[in-house]
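The values are calculated or read from the model by the stated rules, or taken from the named source; none is laboratory data. Worth saying up front: this structure is predicted, and the values here are computed from it rather than measured. Here the Cβ is made from the backbone with ideal geometry for all residues, glycine too, and neighbour counts use every protein chain on show.
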Amino acid sequence: MDFAAMQSTLYDHIMEARRREAADLLGEAIAGAGYEATLLSLLEPTLAMLGERWSSNALSLAQGFVAGKVAEDFLAMGAPVPGSPDARETVSREPLAGPARIAVIANAEDDYHAMGRSLVSTFLRLRGWQVEDMGCDVLAGDLVDRAVSVGACVVGISAMMLTTARNVLKVRAEIDARGLAGKLFLAVGGAVFRMRPELVTELGGDGTAETALDAPALFESFRLRSAGTGAASQAESAAP
Ligand code: B12
């Protein structure tokens with residue numbers, strides 16, 4: 001599969017607002033190479049090219065909007081296509097050691113960059129996680145409330161900008177104030193953390209992953225560290 005040529009075609013489709021053609025191209029790539037390979041070798045590099053244009057003010061808001069819609073179309077194609085390489089992958093049904101694979105995901109307070117978060121949710125689901133996706137602009141208290149109520153062992157925050165990434169500190173404070181540190185882990189990610197990795201610890205994150213494909217391994221490492229004392233058990237022991 002000639003991904004380089006496909007990237008250039010997809011790029012042109014997005015720039016010219018040909019959403020239907022873009023979706024057809026992505027569908028064709030998924031059928032031939034699989035969902036993950038299409039994300040890694042076609043959609044992400046194309047979005048990165050568009051991101052560069054955005055940085056140099058050469059991408060209009062409308063073109064950014066079309067890119068978002070194309071990414072949404074791709075996410076809707078998330079279930080492995082029968083007969084595609086991904087269809088051979090199966091999630092293990094063996095009993096789990098430690099807490100269940102439950103995570104809560106959101107964009108940080110004031111952050112409206114939905115694409116990265118949606119991709120992380122999709123890849124976690126493909127790996128057997130139950131993901132509560134709370135959407136954009138979520139307050140720290142609401143996020144931790146939801147994590148406790150669903151028994152999550154990881155919360156994932158996506159933030160694209162320094163201003164919104166700073167709101168991760170509020171989530172850290174909520175987790176610590178409720179005595180959940182070491183039980184409910186805080187994963188962070190997004191463009192700003194890729195550009196400035198030192199922010200992960202500065203803002204109280206427990207760890208990050210560069211791409212949605214790497215997120216399941218990060219979340220699994222947190223689940224194992226949470227070692228059977230997840231937020232749900234904490235909520236139960238706190239109950240009268
Ligand atoms: C598309 C886009 C938008 C779209 C978003 C559409 C949508 N529905 O999502 C719109 C037009 C709405 C937008 C608005 C704005 N944007 Co904007 N936007 C972008 C752009 C071009 C691409 C972001 C994107 O979707 N990338 C593609 C996804 C797939 O990549 P990703 O988000 O990085 O996610 C991957 C990883 O980071 C990781 N990941 C992501 N989240 C998480 C979470 C966890 C837990 C983990 C483990 C991993 C992980 O996995 C993902 C998939 O592999 C970036 C440029 C860039 N280089 O990132 C600017 C950018 C982020 N935007 C920027 C700005 C300034 C703005 C605005 C303030 C513009 C304005 N003046 O209004 C507003 C702010 C809106 C807000 N309050 O949130 C700046 C931020 C600068 C900064 N560092 O502070 C950037 C960097 C552009 C720039 N260089 O100036 N934007």
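Below are the figures for this structure:
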read-out: Hey, Glu220 in the same structural domain as Arg117 (by TED's automatic domain parsing), loosely packed, with under 15 Cβ neighbours inside 10 Å and within 13 Å of the ligand (Cβ to nearest atom) or not; value: no
read-out: Any hit, segment 170-181, residues being assigned by TED's automatic domain parsing to the domain that holds Ala212, within 9 Å of the ligand (Cβ to nearest atom) and either in contact (Cβ under 8 Å) with a residue 60 or more places away in the chain or not in a loop (DSSP other than H, G, I, E, B) (or both); value: no
read-out: Residue match in segment 74-95 (condition: at pLDDT below 80 and within 16 Å of the ligand (Cβ to nearest atom)); value: yes
read-out: In segment 184-221, the residues that are of a type in the set (Phe, Trp, Tyr) and over 19 Å from Ala173 (Cβ atoms); value: Phe219
read-out: Unique residue being assigned by TED's automatic domain parsing to the domain that holds Glu132 and either modelled with pLDDT of 55 or more or under 30 Å from Gly205 (Cβ atoms) (or both) when the list is Asn107, Asn57; value: Asn107
read-out: Residue list for segment 38-60, restricted to those being hydroxyl-bearing (Ser, Thr, Tyr), more than 18 Å from the chain's Cα centre (by Cα) and more than 7 Å from the ligand (Cβ to nearest atom); value: Ser56, Ser60
read-out: Helices (runs of 4 or more DSSP H) contained in segment 1-40 and holding at least 1 residues modelled with pLDDT of 95 or more, within 18 Å of Ala76 (Cβ to Cβ) and touching a Ser or Thr at 6+ places or on another chain (Cβ under 9 Å); value: 3-15, 19-33
read-out: Selection within segment 155-169 - assigned to a helix (DSSP H, G or I) and either surrounded by 23 or more Cβ atoms within 10 Å (Cβ to Cβ) or within 8 Å of the ligand (Cβ to nearest atom) (or both); value: Leu162, Thr163, Thr164, Ala165, Val168
read-out: Subset of segment 185-240 [at pLDDT 95 or above, hydrophobic (A, V, I, L, M, F, W, C) and in a loop (DSSP other than H, G, I, E, B)]; value: Leu203
read-out: Among residues of segment 188-206, those that are more than 9 Å from the chain's Cα centre (by Cα), on the phi > 0 side of the Ramachandran plot and near the ligand (Cβ under 8 Å from one of its atoms), counted; value: 0
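So that you can scan it fast, the table gives a plain yes or no per residue for (1) within 12 Å of the ligand (Cβ to nearest atom); (2) surrounded by fewer than 24 Cβ atoms within 10 Å (Cβ to Cβ); (3) charged (D, E, K, R); (4) outside any helix (DSSP H, G or I):
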{"residue": "Ile105", "(1), (2), (3), (4)": "yes, no, no, yes"}
{"residue": "Glu109", "(1), (2), (3), (4)": "yes, yes, yes, yes"}
{"residue": "Tyr112", "(1), (2), (3), (4)": "yes, yes, no, yes"}
{"residue": "Arg117", "(1), (2), (3), (4)": "yes, no, yes, no"}
{"residue": "Leu124", "(1), (2), (3), (4)": "yes, no, no, no"}
{"residue": "Glu132", "(1), (2), (3), (4)": "no, yes, yes, yes"}
{"residue": "Cys136", "(1), (2), (3), (4)": "yes, yes, no, yes"}
{"residue": "Gly141", "(1), (2), (3), (4)": "no, yes, no, no"}
{"residue": "Asp145", "(1), (2), (3), (4)": "no, yes, yes, no"}
